[in-house]
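Input: a single structure, listed below in structure tokens.
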Amino acid sequence: MISRLKPKSEFNRNVLTLMTGTTIAQAMPIAISPILTRIYTPEDFGAFALYMAIASIVAVVATGRYEMAIMLPKDDEDVKPIVKIIIILLSAVTFITFLIVFFFNQTITNLFENQEISNWLYFLPISIFLVGLYQMYNYLLIREKNFKRLSKNKIIVSTTNASTQLGYGFALSNGFGLLFGAIVGKVVSIYFIIKSKVVNKYFDFRGSPIKKVAIEHQNFPKYDVPSAFFNKVSQELPSLTIPIFFSTNILGFYALMYRVLMSPLILISASIEDVFKQSATREYHQKGNCKNIFTSTFKKLVVIALIPFLILIIFAPVLFSFIFGKQWVISGEIAQIMAVVFFLRFVAKPLSYTFYIANKQKINMLGQFILIVFTLFSLAVGYLKNDVFCFFYSLSITFSIFYIVYLALAYNYSKGSF
């Protein structure tokens, strides 16, 4: 009887494995968020969001995006030089970041008008290195189709992060606990991946010439680095600009909304994306297209997301006020405005890997640049109206249009009409 309930296709089994891990991983941080909102202030959440925005923008380009190439070689030996390139680039960017923070700490602090992050900035090189390393290990696990290990890894990161933030908050009662938890979570997860020895075979660099491989996959640093940079900047622009044009307090409300809604949604979406990458790449190699897996994944994403997002559109302010306290109702109002965008992004993000399979990095890069333009336009609307909600309404409309067009293009490329 139990065997009949198990998904029959390998794709569905792998998705279920990652979805199970993701669900468990999100249970603790979501459960303790009402406690965290009573330990940490909106200003604390705002400072943490600002720090993570800076860290994520640098980290997304620190590896030259060569981790995206890990899935492509048929022979495992050809992956080793890619790993070597990633480690060299990541180490170099980490060191450069340290020098910038050391010499320009106060300049950066003054730019964002937030003195609280001054000491936090010295941890920026550590965060960048850990994020880059974590991403590389995840892609190696995907290549190995070791989705159980990947699922466990998500649980380790999330639960360690949440428990550390909670413990630190009770013990010392200052905002640094939010950052400390994020760092500890990454360290512990990477430790357990290394200890498992699942992907250690890729770290034997003897006879691994990197020049040829670097040139072979040069489209990733040439086109995908700008594309990923533009995408990350567009995502993080609210966190970078809200403190400057409005207040860190408003950023705190936005950050909580993002933490309890977008973070779990991103993890669920990423779980499906991890499986889609492997399955779509294989289907394309075999058939010359990946239309079938694209269509089936699209349907799964819509089914998963539809009801939760309808609830969000209708009840978000009430839910946020009840769960997190009345002072956080603004977070619910922001969530209500952005719900449609979150839905479309949830669906589009996993399927965007079709652009890489189709070797359409140039078009993807242009699309991400357009997102920055839309964000800046929305910011200008909000600033001129002196109303942060005008900013979010404008952002919701422009981003929704973008993701609809993005999905249409991805579907076209999935048909093999490259």
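The values are calculated or read from the model by the stated rules, or taken from the named source; none is laboratory data. If you're wondering where the values come from, they're calculated on a predicted model, not measured in any experiment. Heads up, the Cβs are rebuilt from the backbone with ideal geometry, glycines too, and the neighbour counts pull from every protein chain shown.
Just one of the listed residues (Val199, Val188) is in contact (Cβ under 8 Å) with a residue 12 or more places away in the chain, within 27 Å of Lys148 (Cα to Cα) and crowded, with 19+ Cβ neighbours inside 10 Å, and it is Val199. I'm checking my understanding of the structure. Among residues of the range 276-299 that are farther than 22 Å from Glu144 by Cα and surrounded by fewer than 18 Cβ atoms within 10 Å (Cβ to Cβ), which one is modelled with the lowest pLDDT? Filtering the range 276-299 for residues that are farther than 22 Å from Glu144 by Cα and surrounded by fewer than 18 Cβ atoms within 10 Å (Cβ to Cβ), the one modelled with the lowest pLDDT comes out as Gly288.
Tell me yes or no: at least one residue of the range 90-106 is small (Gly, Ala, Ser) and farther than 26 Å from Ser352 by Cα. So far as the range 90-106 goes, yes, one or more of its residues are small (Gly, Ala, Ser) and farther than 26 Å from Ser352 by Cα. Screening the range 320-411 for helices (runs of 4 or more DSSP H) wholly inside it with 1 or more residues that are surrounded by fewer than 21 Cβ atoms within 10 Å (Cβ to Cβ), touching a residue at least 24 places away in the same chain (Cβ under 8 Å) and out of contact with any helix residue (DSSP H, G or I) (no Cβ under 6 Å at 6 or more places or on another chain) returns the ranges 361-385.
Which numbered condition in (1) modelled with pLDDT of 85 or more; (2) assigned to a helix (DSSP H, G or I); (3) hydrophobic (A, V, I, L, M, F, W, C) is the only one that Val61 fails? All conditions are met except number (2). If you go through the range 197-254 and keep only what is touching a Gly at 6+ places or on another chain (Cβ under 6 Å) and within 19 Å of Met338 (Cα to Cα), you end up with Leu251, Gly252. Looking at Phe253, Phe230, Phe246, which one is aromatic (Phe, Trp, Tyr) and surrounded by fewer than 20 Cβ atoms within 10 Å (Cβ to Cβ)? Among Phe253, Phe230, Phe246, only Phe246 is aromatic (Phe, Trp, Tyr) and surrounded by fewer than 20 Cβ atoms within 10 Å (Cβ to Cβ). All told, Val213 meets the bar of being crowded, with 20+ Cβ neighbours inside 10 Å, aliphatic (A, V, I, L, M) and more than 25 Å from the chain's Cα centre (by Cα).
Taking the criterion of being modelled with pLDDT of 85 or more, among the β-branched types (Val, Ile, Thr) and under 22 Å from Leu301 (Cα atoms), the residues of the range 318-376 that qualify are Ile337, Val340, Val341, Val347. Only residues that are surrounded by fewer than 16 Cβ atoms within 10 Å (Cβ to Cβ) and modelled with pLDDT of 85 or more were counted in the range 102-117, giving 6.
In a helix (DSSP H, G or I), surrounded by fewer than 18 Cβ atoms within 10 Å (Cβ to Cβ) and at pLDDT 85 or above - does that describe any residue in the range 124-138? Yes, the range 124-138 contains a residue that is in a helix (DSSP H, G or I), surrounded by fewer than 18 Cβ atoms within 10 Å (Cβ to Cβ) and at pLDDT 85 or above. For the range 98-112, check the following and say yes or no: at least one residue is under 12 Å from Val58 (Cβ atoms), of a type in the set (A, V, I, L, M, F, W, C) and touching a residue at least 60 places away in the same chain (Cβ under 8 Å). No: zero hits. Here Ser151, Ser234, Ser208 are screened, and the one residue that is closer than 22 Å to Thr281 by Cβ, at pLDDT below 85 and either touching a helix residue (DSSP H, G or I) at 6+ places or on another chain (Cβ under 8 Å) or part of a helix (DSSP H, G or I) (or both) is Ser151.
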